[in-house]
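> Okay, handing you the structure first.
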Amino acid sequence: MAKIKCELDGAMVHSVEIHLRDVHQGSPTLADYRAKWPNAPILSEEAKDAIRRKQVEKARLKADVGERQPLTELFGFPADKVTNSQKQVMTARVYDKSTMDAEDLAFLPDVDKDYIFNIDLTKIGLMALELNKPGLFWGFHGTGKTTQWEQICAHTNRPFQRVQHTINTEEAHVLGQWMVVSEVTTDAAGNEHVHAVTKFNLGPLPIAMMRGHVYCADEYDFGLPSVLAVYQPVMEGKALIIKDAPPEFRVIRPHPNFRFVATGNTNGGGDETGLYQGTQIQNAANYSRFGITKQVGYMDAKVEAAVVAGKSGIRMQEATKIIQYAQEIRKSFTGGQISNTVSPRELINAAIFGVVTGGNWREGLALAFANRLSPADNEVCDQFAQRLFG
Ligand SMILES: Nc1ncnc2c1ncn2[C@@H]1O[C@H](COP(=O)(O)OP(=O)(O)OP(=O)(O)O)[C@@H](O)[C@H]1O
Ligand SMILES: [Mg+2]
């Protein structure tokens, strides 16, 4: 990797400070050097990375252990639903934002005030995070799997990195890769020189591991089994070894607050619904590393109506009818009469479109959902809508 030039003797070095101390016996001092050549670099890119690595390692060793807060306060759950066998209200760790730097804070998700937590699902998600077991939520699209992980993190101040998987996801997208970048240096006469240098750009997994973030491997079952194998040591709580990385990034040890979670539309055993094109049949040994797996189903009708009302601003009365429509669709899908099903995501959009079309819920449902179906299925859905909304 490119070194930088000492303006005193032209030596190529990684750190001007170390070079001044060892070769020029501390004279001039770094401050004098900076005053004389204010535009000259004093650290190579490699040295900057090594310093960053040391800082992260130091942070790892004195990680924030969080403060336990009762789930009644944290999520507003009723005490009788979150009391353990010793009759104590369950608690979860909440981390201190004031100990985080800008890079951690950038990954802290915003609290969604309209998000309605399912008590059982939240307890399962928290168990995965608290016990440091990789957790997988799988199920129909739009049921709130990704948001569930995200909102738990938002309420407990855990920085959250969501990484999508596709058939084109490669190891390098997860681990990092060498890239050619341009570096500008200025010589003693003040002329700028642009050099092409190679730099190892860390991927999201090692960054989450070093910084103690929650890594959400989203749409896990879209990934190829051969690529998802990179996660195996990490899911076992072991260090990540990046063979191609420079020495300072070759072995990445997990920060104590690092967590691995995932979502998918299938449980890795293949798509049984015909809805999830692109999902892969997965390797059972890989999936066996998920310590906690939970299928996420549709919400209870009342809760789903409250979600739709909260997200769109419509009244509960109308939201309840929209949920009745959804239940008809889901029943028809399960019974094999239509070939697609409807998710909360589409219902929220339908409600919003309904509002802007002046209460035309039937059109809202067509725009947000039914127009995507075959003409025959669209017709069936429209009949449901007509019966409910006229
Ligand atoms: N319990 C809930 N409270 C409020 N909003 C919710 C809830 N569950 C889902 N939503 C909303 O529904 C939408 C879909 O949620 P999300 O994207 O998390 O679903 P998903 O299960 O991850 O879907 P996919 O399988 O397509 O990735 C989002 O707008 C989300 O905010
Ligand atoms: Mg999702």
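What follows is calculated from the coordinates using simple rules that are stated; it is not laboratory data. In this text, all values refer to a predicted model and were calculated from it rather than measured experimentally. Cβ sites come from the backbone with ideal geometry, for glycine too, and all protein chains shown count toward neighbours.
> So what is the calculated 222 nm ellipticity per residue for the chain, using -39500 (n - 2.57) for each DSSP H run with n of 4 or more, over all residues, to the nearest 500 deg cm²/dmol?
Rounded to the nearest 500, the figure is -11500 deg cm²/dmol.
> If you don't mind, there's one more thing I want to ask. How far apart, in nm, are the 7 Å Cα→Cβ label points at L224 and Q383?
4.6 nm
> Pull out a ≥ b ≥ c, the square roots of the eigenvalues of the alpha-carbon gyration tensor of region 1-43, then state rounded if a/c is under 1.5, prolate if not and a/b is larger than b/c, and oblate in the remaining case.
Note, shape of region 1-43 comes out oblate.
> Place a point 7 Å from the Cα of K36 along the Cα-to-Cβ direction; which residues of region 181-205 have their backbone N under 20 Å from it?
In region 181-205, the label zone of K36 (backbone N under 20 Å from the point 7 Å along Cα→Cβ) covers 185-192.
> State the volume of the convex hull built on the alpha-carbon positions of region 301-389, expressed per residue in Å³ and rounded to an integer. Don't skip to the answer; put the middle values down first.
Details: hull volume 6.7 nm³, N = 89.
It is 75 Å³ per residue.
> Can I ask one more? Determine the dipole magnitude for region 209-330: charges of +1 sit on the beta-carbon of Lys and Arg, -1 on that of Asp and Glu, nothing else is charged, the reference point is the Cα centre, and the result goes in debye to the nearest 20.
Values: 13 positive and 12 negative charges, 96 e Å.
It comes to approximately 460 debye.
> If you line up the long axis of helix 344-356 against the longest principal axis of the chain, both from Cα atoms, how many degrees apart are they, to the nearest 10?
Taking the Cα atoms of the chain, the angle to 344-356 is about 80 degrees.
> Quick check for me: using +1 on Lys/Arg Cβ and -1 on Asp/Glu Cβ, what's the dipole size of the chain about its Cα centre, in debye to the nearest 20?
Charge dipole, the chain, about its Cα centre: 980 debye, nearest 20.
> Could I ask something else about it? Which of C381, C216, C6 has the fewest other C-beta atoms within 10 Å, and how do the rest follow up to the most?
Ranked by crowding around the Cβ, least crowded first: C6, C381, C216.
> Right, another one. Could you tell me which of rounded, prolate or oblate describes region 123-215, using a ≥ b ≥ c as the square roots of the eigenvalues of the alpha-carbon gyration tensor, with rounded for a/c under 1.5 and, failing that, prolate when a/b is larger than b/c and oblate otherwise?
Prolate is the answer for region 123-215, as a/c is 1.5 or above and a/b outweighs b/c.
> Sticking with the crude label model, points 7 Å out along Cα→Cβ, report the distance from D101 to N283 in nm, one decimal please.
Distance between label points: 3.4 nm.
> With a 10 Å cut-off between alpha carbons and a GNM built on the chain, which of L347, L224, L373 moves the most?
Comparing L347, L224, L373 in the GNM, the peak value goes to L373.
> Another question, if that's okay. Under a point spin-label approximation (7 Å from Cα along Cα-to-Cβ), what is the Q324-N132 distance to one decimal in nm?
5.2 nm
> Also, I was wondering about something else. Considering only DSSP states other than H, G, I, E and B, which trypsin sites (Lys or Arg not before Pro) in region 53-93 qualify as loop sites with at most 10 other Cβ atoms within 10 Å?
When the trypsin sites (Lys or Arg not before Pro) of region 53-93 are filtered for loop state and at most 10 Cβ neighbours within 10 Å, K62, K87 remain.
> Okay, moving on. Only residues of region 31-68 count here: report those whose backbone N is under 18 Å from the spot 7 Å along Cα→Cβ of T185, or say none.
33-50, by backbone N distance to the label point.
> Could you give each residue of region 20-25 its phi-based ³J(HN,Hα) in whole Hz, using Karplus coefficients 6.51, -1.76, 1.60 with θ = phi - 60°, and x for Gly or Pro?
Per residue, the Karplus-derived 3J(HN,Hα) values read 5, 5, 7, 9, 9, 6 Hz.
> Name the most mobile residue of D80, D114, D104, meaning the one with the largest mean-square fluctuation, in a Gaussian network model of the chain with Cα contacts below 10 Å.
D80
> Continuing with the same structure: Treating cross-link reach as a plain straight distance, find the lysines whose alpha-carbon is under 17 Å from the alpha-carbon of K321, omitting any fewer than eight places away in the same chain.
K302, K311, K331
> With a Cα-only, solvent-free Debye model of the chain, what are the log10 I(q)/I(0) values at q = 0.08, 0.09, 0.12, 0.15 Å⁻¹?
-0.57, -0.69, -1.01, -1.30
> Which of the three applies to region 169-221, rounded, prolate or oblate, going by the alpha-carbon gyration tensor with a ≥ b ≥ c and a/c under 1.5 meaning rounded?
Prolate, since a/c reaches 1.5 and a/b exceeds b/c.
> Related question: Extension gain E57-D120, at 0.36 nm per residue separation less the Cα-Cα distance, in nm?
On the way: separation 63, 0.36 × 63 = 22.68 nm, distance 3.57 nm.
Working it through step by step, the gained length comes to 19.1 nm.
> Run through all the Cα pairs of region 86-152 and give the fraction in each 5 Å bin from 0, expressed as whole percent.
Using 5 Å bins, I get a P(r) of 3, 13, 21, 24, 21, 12, 5, 1, 0 for region 86-152.
> Multiplying the sequence separation of D112 and V251 by 0.36 nm and subtracting their Cα-Cα distance, what value in nm do you get?
46.4 nm
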